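The values are calculated or read from the model by the stated rules, or taken from the named source; none is laboratory data. This structure is a prediction, so every number in the text was calculated from the model and none was measured. Note: ideal-geometry Cβ built from the backbone for every residue, glycine included; neighbour counts use all protein chains shown. Side chains are part of the model used for accessible areas, which takes the heavy atoms of the whole protein and leaves out ligands, DNA and RNA. Shrake-Rupley method; radii C 1.70, N 1.55, O 1.52, S 1.80 Å.
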Amino acid sequence: MPNKIKAPVKKIEKPIKVEEKIEEPEELKKKSSAPEQPVVPLPKGRKTPELLRGFRDILPDEQIYWEILREATKSIAETYSFDRIDFPILEKEELFIRTVGKQTDIVEKEIYGFEDKGGDKVVMRPEMTASAARAYINHGMLNLPQPVKFFYEGPNFRYDRPQAGRYRQFYQIGFEAFGSSEPIIDAQIIVMTYNLLKTIGLETNIRMNSIGTQDSRQAYKTELASYYRTKKNQICEDCKRRLLKNPMRLLDCKVEGCVAVKVDAPQILDWLDEESKNHFMRILEFLDEAGVPYTLDPHLVRGLDYYNRTVFEIWTVNDEGERAQNAIGGGGRYDGLVELLGGREGTPGCGVALGMERIVLALKELKVQPPAKKVDVFFAQLGDSARRVGLKVFEDFRQSGISVREAFGKGSLKTQLELANKLGVLFTLILGQKEVLDGTIIVRDMESGAQEIVDASKIIHIMKKKLEIAKGLDTKH
Ligand code: HAM
């Protein structure tokens with residue numbers, strides 16, 4: 001195999017300066033200092049529509065963090081055999097009332113719902129565990145080998161009070177496992193989540209609790225209610241109402257006075273049935289074994305009604321500021337959920353969901369560096385004819401699998417070369433009007449600055465060779 005590029009290459013001894021060689025057309029020269037997108041003033045009195053409160057755009061410069069998170073999720077899900085599933089954003093209102101619970105904040109205050117044209121009461125999903133259980137039943141998955149394991153990613157909607165890390169549209173990734181009541185499943189989900197976050201650079205601590213079974217909770221609820229009755233004048237109005245309907249919900253109230261009262265509230269661990277206690281101990285042993293750091297949080301109950309036994313939340317360590325008020329993720333066991341939706345009695349389940357915005361925020365705050373994107377070739381062009389021919393050449397490059405970037409929207413060669421430099425490409429191709437006429441392209445080696453004029457019809461083949469040689473020497477690409 002010859003490893004020299006022969007006939008089509010006309011070697012230029014002394015590297016030339018691009019600016020000297022390629023003349024920018026006059027009309028482009030004039031434009032190059034002007035803004036590229038003309039700003040059109042709006043007619044008087046017309047305002048640009050703004051984002052809804054609690055909604056946000058995810059801008060291009062943030063996407064790299066989302067990509068890192070998605071890639072790491074996909075990879076860990078494959079390792080632990082969780083299969084991707086997607087659910088519709090709109091679901092019947094009833095799905096969440098029956099599962100998340102009528103007296104929860106999510107259902108009581110935060111639902112985005114409306115009646116559709118057919119008269120159905122629908123909601124934009126506030127979470128996806130209920131959808132996962134519905135899908136498991138709808139598609140007869142109890143006939144598959146158990147546990148059935150899903151992972152998902154997508155937006156949810158809650159009409160919450162917006163603040164840092166809390167939005168009205170937010171994205172979650174989640175893992176759910178149906179059909180096993182073994183504590184190893186709870187542990188696996190926690191270990192996997194911990195490892196996922198660790199791989200992308202986040203150190204976390206898991207807050208753990210067990211809330212037992214429906215039955216074992218009854219006595220605890222009575223005890224809890226009598227404790228709170230003695231503190232009635234110190235708790236908020238919502239909590240006074242909760243006290244009558246569902247005293248467990250008092251424990252996840254975030255109002256300052258209620259948080260203070262919680263400190264001395266009875267702890268559910270003292271009321272657990274033997275089986276729940278053993279189940280919990282086994283999980284903690286697995287976590288110890290796997291080296292996952294956790295803290296017992298005896299008042300953790302989580303803001304959704306479908307849980308039994310294990311509940312947990314994931315918190316980043318060394319947090320400061322407003323974001324420190326928010327968990328990165330949460331989950332637990334929900335052994336009654338499938339049955340509640342009309343599925344087979346006693347079908348167990350366990351899962352977790354992570355808030356993607358909160359993870360991205362933490363990555364940015366901790367200044368976790370996203371890996372630089374590797375681009376090998378930059379394609380620069382000058383003038384209309386070069387642009388026309390360039391589109392085709394660029395497409396040939398893309399199809400050949402060489403990683404290439406362009407800036408067809410930019411007129412000035414200087415700007416394009418600056419961009420090429422910023423991307424850290426190995427080579428820049430330059431196509432001007434003269435080159436189009438000659439059927440050539442200039443290849444600039446960005447490391448040495450050396451340039452060659454090569455036959456345009458052989459450019460892909462030439463660049464493949466050049467990249468092979470360059471990459472043999474450069475370990476970065
Ligand atoms: P969750 O605790 O309501 O649980 O939400 C899980 C995570 O979603 C939170 O820890 C947080 O990171 C993120 N999150 C929730 N609300 C917001 C918001 N308004 N803005 C930004 N992020 C938010 C669930 O949703 C359960 N389905 C988790 C689960 C899965 N349990 C079992 N399997």
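Quick notes on this one:
- A search for C-beta distances below 6 Å between a residue of the range 391-417 that is without any contact (Cβ under 8 Å) to a residue 24 or more places away in the chain and any residue that is open to solvent by 60 Å² or more (accessible area, probe 1.4 Å), counting only pairs 6+ apart in sequence or on different chains, returns F394/E406.
- Which listed residue, of E395, E406, E452, E365, is more than 31 Å from the chain's Cα centre (by Cα) and open to solvent by 10 Å² or more (accessible area, probe 1.4 Å): E452
- Residue in the range 52-65 that is surrounded by fewer than 17 Cβ atoms within 10 Å (Cβ to Cβ) and aromatic (F, W, Y) present: yes
- When the test is whether a residue is within 12 Å of the ligand (Cβ to nearest atom) and part of a loop (DSSP other than H, G, I, E, B), P88 does not pass it.
- Within the option set S75, S81, being hydroxyl-bearing (S, T, Y), on the phi > 0 side of the Ramachandran plot and either in a helix (DSSP H, G or I) or more than 16 Å from the ligand (Cβ to nearest atom) (or both) holds for one residue only, S81.
- Matching residues in the range 164-179 - criterion: being open to solvent by 20 Å² or more (accessible area, probe 1.4 Å) and more than 9 Å from the ligand (Cβ to nearest atom): A164, G179
- Residue, surrounded by the fewest Cβ atoms within 10 Å (Cβ to Cβ), within the range 185-196, restricted to residues that are under 20 Å from Y136 (Cβ atoms) and more than 9 Å from the ligand (Cβ to nearest atom): M192
- Residues within the range 328-354 that are near the ligand (Cβ under 8 Å from one of its atoms) and at pLDDT below 95, tallied: 0
- Residue within the range 288-302 that is within 16 Å of the ligand (Cβ to nearest atom), touching a Gly at 6+ places or on another chain (Cβ under 7 Å) and open to solvent by 10 Å² or more (accessible area, probe 1.4 Å) present: yes
- Among the residues here, A380 does not qualify as within 16 Å of the ligand (Cβ to nearest atom) and either among the hydroxyl-bearing types (S, T, Y) or in a strand (DSSP E or B) (or both).
- The condition of being open to solvent by less than 10 Å² (accessible area, probe 1.4 Å) and more than 10 Å from the ligand (Cβ to nearest atom) holds for only one of G140, G119, G101, that being G101.
- Filter pass, I58 being among the aliphatic types (A, V, I, L, M) and in a loop (DSSP other than H, G, I, E, B): yes
- Conditions (1) open to solvent by 20 Å² or more (accessible area, probe 1.4 Å); (2) within 17 Å of P155 (Cα to Cα); (3) within 14 Å of the ligand (Cβ to nearest atom); number of the one not met by F96: (1)
- Restricting attention to the range 409-439, the residues being farther than 19 Å from A470 by Cβ, open to solvent by less than 60 Å² (accessible area, probe 1.4 Å) and part of a helix (DSSP H, G or I) number 6.
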